[in-house]
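A short write-up of the structure that comes next.
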Amino acid sequence: MTPDKLFNKAKEFDTIPYDAKLQSAFQFGVYANELANLVLSGKKTATTSAFDLYEDNEPLPQNGAYDAILNSRNQAVCIIKNDSVEIKNYLDVNEQHAYLEGEGDRSLQYWRNVHNKFFMNEYQLEGQIFKEQDAKMVLEVFHVVYPVKC
């Protein structure tokens, strides 16, 4: 299902206000299906993106905004609502945020191992160098407001 169709369906069921707007639709990295399933299960309720890699005209995620989570085929699997959005230094990401991301054993060490590799690659693709001590991150905490039955 397309993100707009799923978003409108959620409005029809009164889980989203009629005047609400869809902020964005996105996949979670290279493991889109696995991470989307973690969101649907309720295990993944947070995500992190590189503040430094946002384009000048690209809006940052907003608190209270709605997003569609996509699978690897760019089909919307659920609608989430941001509960909080913060910009923090990479090295200030804590155990609680790592746990909320729901991946692996949910530890900060696991989070750092996976995200170091991920961000090194992402920065390199943009012609930049990822430096843990300097990198700024966008931390989002969210909840599912409308799931699609898989």
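The values are calculated or read from the model by the stated rules, or taken from the named source; none is laboratory data. Note that this is a predicted model, so its numbers are computed, not measured. Neighbour counts are summed over all protein chains in view; Cβ atoms, including those assigned to glycine, are modelled from backbone coordinates with ideal geometry. Calculation scope for accessible area: heavy atoms of the full protein, side chains included, ligands and nucleic acids excluded. Shrake-Rupley method; radii C 1.70, N 1.55, O 1.52, S 1.80 Å.
Could you please give the count of residues in the stretch 79-121 that are free of Cβ contacts under 8 Å to residues at least 12 places away in the same chain and under 30 Å from F7 (Cα atoms)?
Going through the stretch 79-121 one residue at a time, the tally reaches 4.
Could you pull out the residue among A20, A25, A36 that is hydrophobic (A, V, I, L, M, F, W, C), at pLDDT 95 or above and over 30 Å from D105 (Cα atoms)? Give the derivation first.
Numbers: A25 fails: over 30 Å from D105 (Cα atoms); A36 fails: over 30 Å from D105 (Cα atoms).
Matching residue, one of A20, A25, A36: A20.
Scan (1) at pLDDT below 95; (2) open to solvent by less than 20 Å² (accessible area, probe 1.4 Å) for the single condition I69 breaks and write down its number.
All conditions are met except number (1).
In the stretch 36-46, how many residues are open to solvent by 20 Å² or more (accessible area, probe 1.4 Å), touching a helix residue (DSSP H, G or I) at 6+ places or on another chain (Cβ under 9 Å) and outside any loop (DSSP other than H, G, I, E, B)?
Within the stretch 36-46, residues that are open to solvent by 20 Å² or more (accessible area, probe 1.4 Å), touching a helix residue (DSSP H, G or I) at 6+ places or on another chain (Cβ under 9 Å) and outside any loop (DSSP other than H, G, I, E, B) number 1.
Pick out the one residue from D56, D14 that is open to solvent by 60 Å² or more (accessible area, probe 1.4 Å), on the phi > 0 side of the Ramachandran plot and outside any helix (DSSP H, G or I). Show your work before the answer.
Working: D56 fails: on the phi > 0 side of the Ramachandran plot.
Unique residue meeting the criteria: D14.
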